[in-house]
Amino acid sequence: MTLRKAKKIYLENYAGAIVESLNWLFQFALALSAFYFIALLKNIFKFSEYPNVSEWLKIGLFLFELIIIFWYLYKALNNPGLFRNIDSKLKLVQHIIAEEKNNEQTAVTEKVYSEELLKLKKYMTEEKPFLNPSLTIQDISDAIEIPVRDLSILINHKLEQHFYDFVNTYRIERAMDILKDVTKSKVTVLEILYEVGFNSKSSFNTAFKKQTGNTPTSYRKNL
């Protein structure tokens with residue numbers, strides 16, 4: 001439950017590798033769950049008619065434990081960002097809206113939201129902040145001088161898109177332009193994904209297929 005909440009917060013506020021790291025955290029949680037389940041079976045067999053099974057499970061757990069430890073260390077050394085805490089000030093948009101209602105705060109008018117949306121789209125189109133693989137909603141807030149709270153509600157609630165998906169939309173459009181450019185036909189997909197702000201092939205392919213229905217390679221072939 002904590003990981004699911006963290007993922008939603010990340011999607012609403014970040015557009016980089018920090019979101020993708022949650023996939024590993026889910027995998028790690030599943031691995032630990034499997035470990036404790038086997039440990040439970042070991043203890044059950046220990047007091048049953050098959051104590052020898054318990055001994056074999058004990059050996060298996062020891063090997064499994066080593067695998068988990070080495071896996072954990074490998075990830076820690078190669079991706080130290082995985083172990084950074086979530087910004088405690090970040091809140092889910094639904095909680096922000098609920099707080100506004102409870103506190104009877106003056107809601108931002110639709111006219112203001114429309115003006116802010118135009119300002120946001122202009123900034124995204126002209127300045128291309130999405131090319132930054134570590135872009136956060138705070139970065140855009142500082143650049144266009146719209147409070148993070150209002151910007152978060154605008155993107156995640158009014159546009160009904162997570163910030164992560166909102167930014168990836170611009171990245172994919174940029175990637176599509178490069179793929180269509182005949183003068184860049186020799187530029188590889190790997191080079192393109194890094195150029196437009198992605199930092200992994202899997203996340204790029206997933207986002208590209210979600211938006212276009214094709215993989216980058218098949219999209220280029222069908223042009």
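Which pairs do you get when a residue that is of a type in the set (A, V, I, L, M, F, W, C), found in segment 184-195, comes within reach of a residue that is not in a helix (DSSP H, G or I), reach meaning Cβ atoms under 9 angstrom, with the pair 6+ apart or on two chains?
Val187/Asp181; Val189/Thr215; Ile192/Phe198; Leu193/Asn199; Leu193/Ser200
Looking at segment 147-169 only, could you name the residues that are farther than 18 Å from His95 by Cβ, of a type in the set (A, V, I, L, M, F, W, C) and crowded, with 17+ Cβ neighbours inside 10 Å?
Correct list: Phe166, Val167.
Pairs please, first residue from segment 22-45 and touching a residue at least 24 places away in the same chain (Cβ under 8 Å), second anywhere and of a type in the set (Gly, Ala, Ser), Cβ atoms under 9 Å, 6+ apart in sequence or on different chains.
Short answer, once both residue conditions are applied: Leu25/Ala6; Ile38/Gly60.
Limited to segment 4-56, what total is found for residues that are β-branched (Val, Ile, Thr) and open to solvent by 70 Å² or more (accessible area, probe 1.4 Å)?
Filtering segment 4-56 down to residues β-branched (Val, Ile, Thr) leaves 9, 18-19, 38, 44, 53.
With the extra rule that they be open to solvent by 70 Å² or more (accessible area, probe 1.4 Å), the set shrinks to 44.
Of the residues in that region, 1 qualify.
Does segment 212-223 hold any residues that are free of Cβ contacts under 8 Å to residues at least 24 places away in the same chain and open to solvent by 90 Å² or more (accessible area, probe 1.4 Å), and which are they?
In the first step, residues of segment 212-223 are kept if they are free of Cβ contacts under 8 Å to residues at least 24 places away in the same chain; the result is 213-215, 218, 221-222.
Residues satisfying the conditions are Lys221, Asn222.
For segment 127-141, check the following and say yes or no: at least one residue is of a type outside the set (A, V, I, L, M, F, W, C), outside any loop (DSSP other than H, G, I, E, B) and farther than 21 Å from Ile96 by Cα.
Step one: of segment 127-141, the residues of a type outside the set (A, V, I, L, M, F, W, C) are 127-129, 132-134, 136, 138-139, 141.
So of that shortlist, the ones also outside any loop (DSSP other than H, G, I, E, B) come out as 127, 129, 136, 138-139, 141.
Now drop any that are not farther than 21 Å from Ile96 by Cα, which leaves 127, 129.
Checking segment 127-141: at least one residue is of a type outside the set (A, V, I, L, M, F, W, C), outside any loop (DSSP other than H, G, I, E, B) and farther than 21 Å from Ile96 by Cα.
Report, by residue number, each residue of segment 156-204 that is farther than 22 Å from Ala6 by Cβ, assigned to a helix (DSSP H, G or I) and among the hydrophobic types (A, V, I, L, M, F, W, C).
If the condition is that a residue be farther than 22 Å from Ala6 by Cβ, assigned to a helix (DSSP H, G or I) and among the hydrophobic types (A, V, I, L, M, F, W, C), then Ile172, Ala175, Met176, Ile178, Leu179, Val182, Val189, Leu190, Ile192, Leu193, Phe204 are the ones that fit.
Specify which of the listed residues (Ile69, Ile97) is assigned to a helix (DSSP H, G or I), of a type in the set (A, V, I, L, M, F, W, C) and modelled with pLDDT of 85 or more. I'd like the intermediate steps shown before the answer.
Numbers: Ile97 fails: modelled with pLDDT of 85 or more.
Answer to the check: Ile69.
For segment 120-146, enumerate the residues that are open to solvent by 70 Å² or more (accessible area, probe 1.4 Å), free of Cβ contacts under 8 Å to residues at least 12 places away in the same chain and either more than 21 Å from Thr212 (Cα to Cα) or in contact with a Leu (Cβ under 9 Å, 6 or more places away or on another chain) (or both).
Lys122, Glu126, Asp142, Glu145
Residues in segment 182-195 that are open to solvent by less than 50 Å² (accessible area, probe 1.4 Å) and out of contact with any Phe, Trp or Tyr (no Cβ under 7 Å at 6 or more places or on another chain): how many?
Residues that pass the stated criteria total 3.
Out of all the residues in segment 196-211, which are crowded, with 16+ Cβ neighbours inside 10 Å and free of Cβ contacts under 8 Å to residues at least 60 places away in the same chain? Working first, answer last.
Narrowing segment 196-211 to residues crowded, with 16+ Cβ neighbours inside 10 Å: 196-198, 203-205, 207-208, 211.
Those that are crowded, with 16+ Cβ neighbours inside 10 Å and free of Cβ contacts under 8 Å to residues at least 60 places away in the same chain: Phe204, Asn205, Ala207, Phe208, Gln211.
Can Glu12 be described as free of Cβ contacts under 8 Å to residues at least 60 places away in the same chain, assigned to a helix (DSSP H, G or I) and not small (Gly, Ala, Ser)?
Numbers: free of Cβ contacts under 8 Å to residues at least 60 places away in the same chain: no; assigned to a helix (DSSP H, G or I): yes; not small (Gly, Ala, Ser): yes.
So Glu12 fails the test.
The values are calculated or read from the model by the stated rules, or taken from the named source; none is laboratory data. Please read these numbers as outputs of a predicted model, since none were measured by experiment. All Cβ positions, glycine included, derive from the backbone under ideal geometry; neighbour counts span all protein chains shown. Accessible surface is based on the protein model in full, side chains and every heavy atom, while ligands, DNA and RNA are left aside. Shrake-Rupley method; radii C 1.70, N 1.55, O 1.52, S 1.80 Å.
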